[in-house]
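Taking it in order: structure first as structure tokens, then the write-up.
The values are calculated or read from the model by the stated rules, or taken from the named source; none is laboratory data. Remember, it's a predicted structure, so these values are computed and weren't measured experimentally. Please note: Cβ atoms are built from the backbone with ideal geometry, for glycine as well, and neighbour counts cover all protein chains shown. Heads up: the accessible areas ignore ligands, DNA and RNA and are worked out on the full protein's heavy atoms, side chains in. Shrake-Rupley method; radii C 1.70, N 1.55, O 1.52, S 1.80 Å.
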Amino acid sequence: LDAFEPREWDYDYKAVVTNKRVSVGCLLAFHNGRGSQEGIIGELKAHCQFDYIPTRGWAANRFYAQAAILAHNLTRELQMRVVAPARATNPKRASLWIFENLSTIRNNIIRRAGRLVRPNGQWVLTMSANKAAQEDIRQHLPAA
């Protein structure tokens, strides 16, 4: 275990065990890029309640977790349909899109103040005429 004691503070040492058949540089870039998946799991826990166990039943908890993942994936899919990819494929395997945080989307669209009215017998959602609010909604829903 003394192999990992810091002797020189100017360098970082890593040990990666893999069966990938790529160059060392590509392997290190791929390994370093996997950290973005930790962000996805963190976002699932923070904004989709993925860290919550609602019942004592395995099937119900499994369903709850799958619903959380589905909600997250649906939000990502909607963003991918609205916005073009921001970057090309790279050795780190980072996402092609730069995604908005789920809390930002929730605050800009779902938590937006509005009122349901029925002027001619048909339900209509009315919202603020604020230009900044309209731009936020049009950014997420280009057909709006």
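Pairs meeting the criteria (first residue in region 84-108 and over 25 Å from Met127 (Cα atoms), second residue open to solvent by less than 50 Å² (accessible area, probe 1.4 Å) and aliphatic (A, V, I, L, M), beta carbons under 6 Å, at least 6 apart or on different chains) are Pro91/Ala29; Lys92/Ala29. Of all residues in region 83-95, those satisfying the criterion of being surrounded by 13 or more Cβ atoms within 10 Å (Cβ to Cβ) and among the hydrophobic types (A, V, I, L, M, F, W, C) are Val83, Ala94.
Out of everything in region 13-27 that is surrounded by 11 or more Cβ atoms within 10 Å (Cβ to Cβ) and in contact with a helix residue (DSSP H, G or I) (Cβ under 9 Å, 6 or more places away or on another chain), what residue ends up being nearest to Ser95 (Cα to Cα)? Across region 13-27, the extreme among qualifying residues is Val22. Ala65 passes every criterion in (1) open to solvent by 70 Å² or more (accessible area, probe 1.4 Å); (2) over 27 Å from Ile137 (Cβ atoms) apart from (1). Of the residues in region 43-65, at least one is charged (D, E, K, R) and not in a helix (DSSP H, G or I).
Inspection of region 29-40 finds a residue satisfying the criterion of being in a helix (DSSP H, G or I) and in contact with a helix residue (DSSP H, G or I) (Cβ under 9 Å, 6 or more places away or on another chain). If you check Phe50, Phe30, Phe99 for being of a type outside the set (Val, Ile, Thr), open to solvent by less than 70 Å² (accessible area, probe 1.4 Å), at negative phi and modelled with pLDDT of 85 or more, only one passes: Phe99. Of the residues making up region 33-47, those that are surrounded by fewer than 11 Cβ atoms within 10 Å (Cβ to Cβ) and at pLDDT 80 or above number 1.
Working only within region 53-62, note down all residues that are open to solvent by less than 90 Å² (accessible area, probe 1.4 Å) and either hydrophobic (A, V, I, L, M, F, W, C) or closer than 23 Å to Ser95 by Cα (or both). Answer for region 53-62, where residues must be open to solvent by less than 90 Å² (accessible area, probe 1.4 Å) and either hydrophobic (A, V, I, L, M, F, W, C) or closer than 23 Å to Ser95 by Cα (or both): Ala59, Ala60.
Can you find a residue that is in a helix (DSSP H, G or I), more than 30 Å from Cys26 (Cβ to Cβ), in contact with an Asp or Glu (Cβ under 9 Å, 6 or more places away or on another chain) and open to solvent by 50 Å² or more (accessible area, probe 1.4 Å) anywhere in region 70-79? Within region 70-79 (the criterion being in a helix (DSSP H, G or I), more than 30 Å from Cys26 (Cβ to Cβ), in contact with an Asp or Glu (Cβ under 9 Å, 6 or more places away or on another chain) and open to solvent by 50 Å² or more (accessible area, probe 1.4 Å)), the answer is no, since none of the residues qualifies.
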